[in-house]
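Colleague: Here it is: the structure, laid out below.
The values are calculated or read from the model by the stated rules, or taken from the named source; none is laboratory data. All of these numbers come straight from a predicted model, not from anything done at the bench. Positions of Cβ are backbone-derived with ideal geometry, glycine not excepted, and every protein chain shown enters the neighbour counts.
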Amino acid sequence: MSESASGNAPKPSSSVKLVLLGEAAVGKSSLVLRFVNDDFQENKEPTIGAAFLTQKCSLPTRTIKFEIWDTAGQERFASLAPMYYRNAQAALVVYDVTKPSSLTKAKHWVAELQRQASPGIVIALVGNKLDLTNDGGDASSASPSAREPESAEGDEEGAGQEEGDAQDATPGDARKVSTREASTYAEEESLLFFETSAKTGTNVVDVFTAIANAIPESSLKTGKGPAAGQTGLGGRAADESRVNLGDRNTATAKEGCAC
Amino acid sequence: MAHPDGQEDTRNGSDVMKIPSGSSNPDKLERVRSPSPEGVRPPLPPRPNTLNLLSDESASFAALQSEATTAISRAEINTQTQEGANSAYSTLAARSLSKGPKAKASLSQLARSRATSDAGDSASIRSSVLPSGDIGDMDALFRDFVSSMPDPHSSAASLLHFAEFPGDYENDAQFLTEFDPVGEVDEDAGNEELVLGHWKQKQKHYLILSAAGKPIWTRHGDGGLISTYVGVIQTIISFYEDSEDHLRGFSAGDMRFVVVTRGPLHLVAISRMMESDNQLRLQLEALYMQILSTLTLPSLSHLFSVRPSTDLKRPLQGSETLLSSLADSFTRGSPSTLLSALECLKIRKQHRQSINNALLRTKDGNLLYGLVVAGGRLVSVVRPKKHSLHPGDLQLLFNMIFEADGVKAGGGESWIPVCLPGFNSNGYLYMYVSFLDLRDDVNESEDISKDESVAIVLISPNKESFFEMKEMRDAFVEGWPALFNASPKLGYLTITRLMSIYNNLHQGIHAKHTNVKVHYCVSRSASSFAWVTPIFEFYCVAEPNANRNALVQGASKITQWIHQEEERLFIVGGAVC
């Protein structure tokens, strides 16, 4: 795992607020639990509300402390999402590679983030449950398995649906969303893109490491007081002793300011 | 319920359950309440009087509404001088109490200590014992019970034989499968008969459907499998509705069907477990409260007023596990639901106070309620002066936090919008939950069981106050004293049989139109009695041939002991902030 504090020389450390979004049951919590505890539970109960976890990610030149908001995917919690993505420097938008509708939902989240979240937010599109496909846990072979016509890729919304209907998976392969379709979309929207398996662990740490690397140096606050790190205030909390979730960018967030 | 001695063995001893109950005369209570240094004591949680709750359905709903917590005007509120969460669950071998003092002595002692009590905010039994007139009545009544031993048909103590949930081996084995899934029907439906067979074997079913007949949630079997059965029930219910009648329940073979209609929802319980209609109705009421807790009343009403054929499954998505774990705890037997009470952890009074104080010291301005819960038992409560927590609301929270896995499995700290329908069914509060790992030798691979886990629950009306709550938790945990040791739990089967006996007692003593204070009951497997006073309810189960005199003496000893240990066993009022 990348969290181990390698080396004795103190590296600059900074907090990054990261939010996970996506349809219910695509594996958001499982990805987080794999990243944070290197653990996996079958048939995990749905998250209620949101869970807050932290994990360090060690890069060659610095240490990133992720403050992770793992949100519930059910629709009734959707109205709370702005509270979690507001001020977030990174977002993981997760879909299930065996469920085309979940990619459609993911695209909605991406659009909402691009519209409402901090302008510099780093977004990663993550197709989870790779273990259910023939590509298995081996990410290097995660090649497009669909015979998706190129022409369909102009219309993202349509492509998701069409693909699910059109694709006759080979026996034992539950994949319904081709790698190419999702990666093309990710490229168009300038998103990081990964296919992962929280169950086998494939690519999970890679996603977080890639995000850590993609966060621009300029948006990182280093040299936080030790106290601020301890109390675990929000990523941008260093300047204020008491901070609401919406201390920044209240203008862009619909939910308005706290208190 | 607190386990005072931590040694549960129902085979050899008698089992005792006691809860405080609301008294009936607010004026008298006002007088006996001593002034507290912190000013006037806030109204305590309106623990719904089970009887009132059940005798009038519309009243029951109203009683759980928000005004209750703030009500200063409602007469009933003042009667609730006991923290509704209080209850004790202790074991005591009746046979060992051969020379206990007579009941009369114990009751007069209660009365005496009332006179000398200097307790203020923390007083309960002492300060809330009714004036001597009532005590005299109680005394006479209980003496009557003792002296009437040879006459089993005494007016005060009724000897009745009840049907009991059978406790033989085959049923035990069958009951073990009660919580198993019925299984999935194959694609070609080849095993449908088998799956339906499993479904029919269940002792207990719950169905929730919309008034338009859409199945919303079923404890066993999915909508497709049992749609015909849901259709039949829907037809029966609407047949009565069409004739402007209201179907409350019916029997079919050994099954009892109970129907509760709440707004746009029909809730149905089907039981083979010999529970009374009232008890089943309470369980359905709690399931309805869980739905409100997920959606809030206005949004539930709105959904159905906009579109009567709304499929509520979607908005409830993800909360099915909460309904199921609630249902399972009813099926296993839930003293909390039966008595509208909560279990408290038994700890030293000073320890409880130091926890209270630590919570108060670290309190954030956004905090509404603060709770410390160990192994599903309440350890400490901090609450605003004018608000109490409803046991029904707390039960929903405990179910969510300890019984269903959604919160604990999240692995971090949680921030959960939750509606507490007893507090206010119109909107959400926001709940911070953090589990503490208090074990010394930490083996991280081992999951903390329910009995070991300690949770800090901080509830705020401000949805943006997660980090304030987290800060409060961190500050609180810093000076944390190691106080808890978990008590062993009874197995399912023992609990279920025992609960069946408690159910009978409860049913007998709270039957409509009865005014029984002591209710004695003998069956082949147990002799048991219930004793109801304005201050507490006392339930006791012993061997079938146990000496009644000894039981009564045991009861009186236990009351004395509880009186002595009261602030270890119960949370009296909680800390007020």
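Colleague: With the checklist (1) under 30 Å from residue B:352 (Cα atoms); (2) surrounded by fewer than 20 Cβ atoms within 10 Å (Cβ to Cβ); (3) touching a Lys or Arg at 6+ places or on another chain (Cβ under 7 Å); (4) modelled with pLDDT of 85 or more in hand, flag the one item residue B:495 doesn't pass.
Modeller: (4)
Colleague: Report, ordered by the first and then the second residue, all pairs with beta carbons closer than 8 Å, sequence separation of six or more or different chains, a first member in segment B:312-330 that is more than 8 Å from chain A (Cβ to nearest Cβ) and in contact (Cβ under 8 Å) with a residue 40 or more places away in the chain, and a second member that is of a type in the set (Ser, Thr, Tyr) and not in a helix (DSSP H, G or I).
Modeller: Partner pairs satisfying both residue conditions: B:312/B:210; B:323/B:206; B:327/B:206.
Colleague: Here is a follow-up. Checking the conditions here, which among A:28, A:44, A:65, A:56 is within 11 Å of another protein chain (Cβ to nearest Cβ) and either within 16 Å of the chain's Cα centre (by Cα) or under 18 Å from residue A:109 (Cα atoms) (or both)?
Modeller: A:28
Colleague: Now for a separate question. Residue A:14 - would you say it is at pLDDT below 95, in contact with a strand residue (DSSP E or B) (Cβ under 8 Å, 6 or more places away or on another chain) and either in a strand (DSSP E or B) or among the aromatic types (Phe, Trp, Tyr) (or both)?
Modeller: When the stated conditions are applied, residue A:14 passes them.
Colleague: Now, a different point. Which of the residues that make up segment B:286-298 are within 14 Å of chain A (Cβ to nearest Cβ) and in contact with a helix residue (DSSP H, G or I) (Cβ under 8 Å, 6 or more places away or on another chain)?
Modeller: Selection gives B:290, B:291, B:292, B:293, B:294, B:295.
Colleague: From the residues in segment B:514-562 that are of a type in the set (Ser, Thr, Tyr) and surrounded by fewer than 18 Cβ atoms within 10 Å (Cβ to Cβ), which one is farthest from residue B:500 (Cα to Cα)?
Modeller: Checked segment B:514-562; the qualifying residue farthest from residue B:500 (Cα to Cα) is B:514.
Colleague: When you check residue B:358 against the structure, is it buried (at least 21 other Cβ atoms within 10 Å of the Cβ), away from chain A (no Cβ under 14 Å) and assigned to a loop (DSSP other than H, G, I, E, B), yes or no?
Modeller: It is false that residue B:358 is buried (at least 21 other Cβ atoms within 10 Å of the Cβ), away from chain A (no Cβ under 14 Å) and assigned to a loop (DSSP other than H, G, I, E, B).
Colleague: Let me ask something else about it. Based on what the data block shows, is residue B:254 within 19 Å of the chain's Cα centre (by Cα) and in contact (Cβ under 8 Å) with a residue 12 or more places away in the chain?
Modeller: No, not satisfied.
Colleague: Can you confirm whether residue B:380 is of a type in the set (Ser, Thr, Tyr), within 30 Å of residue B:506 (Cα to Cα) and either surrounded by fewer than 24 Cβ atoms within 10 Å (Cβ to Cβ) or outside the structural domain of residue B:318 (by TED's automatic domain parsing) (or both)?
Modeller: Judged against the criteria, residue B:380 is a match.
Colleague: Tell me which residues, restricted to segment A:13-28, are crowded, with 24+ Cβ neighbours inside 10 Å and either touching a Leu at 6+ places or on another chain (Cβ under 8 Å) or at positive phi (or both).
Modeller: A:18, A:19, A:20, A:21, A:22, A:27, A:28
Listed here are the residues, each with its yes/no results for (1) in contact with a strand residue (DSSP E or B) (Cβ under 9 Å, 6 or more places away or on another chain); (2) within 14 Å of chain A (Cβ to nearest Cβ).
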site	(1), (2)
B:302	no, yes
B:343	yes, no
B:350	no, no
B:375	yes, no
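Colleague: Based on what the data block shows, is residue A:111 at pLDDT 95 or above, within 16 Å of residue A:29 (Cβ to Cβ), more than 14 Å from chain B (Cβ to nearest Cβ) and not in a loop (DSSP other than H, G, I, E, B)?
Modeller: Spelling it out, it is not the case that residue A:111 is at pLDDT 95 or above, within 16 Å of residue A:29 (Cβ to Cβ), more than 14 Å from chain B (Cβ to nearest Cβ) and not in a loop (DSSP other than H, G, I, E, B).
Colleague: Another one. Count, please, the residues in segment B:413-441 that happen to be surrounded by fewer than 24 Cβ atoms within 10 Å (Cβ to Cβ) and within 11 Å of another protein chain (Cβ to nearest Cβ).
Modeller: Qualifying residue count for the region: 6.
Colleague: Residues of segment B:210-233 being aliphatic (A, V, I, L, M) and touching a Pro at 6+ places or on another chain (Cβ under 7 Å), which ones?
Modeller: Result: B:211, B:212, B:230.
Colleague: Against the conditions (1) at pLDDT 95 or above; (2) under 24 Å from residue A:212 (Cβ atoms); (3) buried (at least 20 other Cβ atoms within 10 Å of the Cβ), where does residue A:116 fall short? Just the number, please.
Modeller: With (1) at pLDDT 95 or above; (2) under 24 Å from residue A:212 (Cβ atoms); (3) buried (at least 20 other Cβ atoms within 10 Å of the Cβ) applied to residue A:116, the lone miss is (3).
Colleague: So which residues in segment B:550-569 are under 20 Å from residue B:343 (Cβ atoms) and of a type in the set (Lys, Arg), if there are any at all?
Modeller: Answer for segment B:550-569, where residues must be under 20 Å from residue B:343 (Cβ atoms) and of a type in the set (Lys, Arg): just B:568.
Colleague: Further question: Could you check segment B:280-321 and list, in sequence order, the residues that are surrounded by fewer than 19 Cβ atoms within 10 Å (Cβ to Cβ) and not in a loop (DSSP other than H, G, I, E, B)?
Modeller: Selection gives B:298, B:299, B:301, B:302, B:303, B:304, B:305, B:306, B:313, B:314, B:320, B:321.
Colleague: Moving on. What about residue A:33, is it surrounded by 24 or more Cβ atoms within 10 Å (Cβ to Cβ) and either within 13 Å of another protein chain (Cβ to nearest Cβ) or touching a residue at least 60 places away in the same chain (Cβ under 8 Å) (or both)?
Modeller: When the stated conditions are applied, residue A:33 passes them.
Colleague: Quick one: is residue B:404 within 14 Å of chain A (Cβ to nearest Cβ), within 30 Å of residue B:506 (Cβ to Cβ) and hydrophobic (A, V, I, L, M, F, W, C)?
Modeller: So residue B:404 passes the test.
Colleague: Quick check: is even one residue across segment B:332-355 part of a helix (DSSP H, G or I), modelled with pLDDT of 90 or more, buried (at least 19 other Cβ atoms within 10 Å of the Cβ) and more than 20 Å from the chain's Cα centre (by Cα)?
Modeller: no
Colleague: Test each condition in (1) crowded, with 24+ Cβ neighbours inside 10 Å; (2) at pLDDT below 90 for residue B:450 and report the one that comes out false.
Modeller: (1)
Colleague: Against the condition assigned to a loop (DSSP other than H, G, I, E, B), modelled with pLDDT under 95 and within 23 Å of residue B:295 (Cα to Cα), how does residue A:46 come out, does it pass?
Modeller: yes
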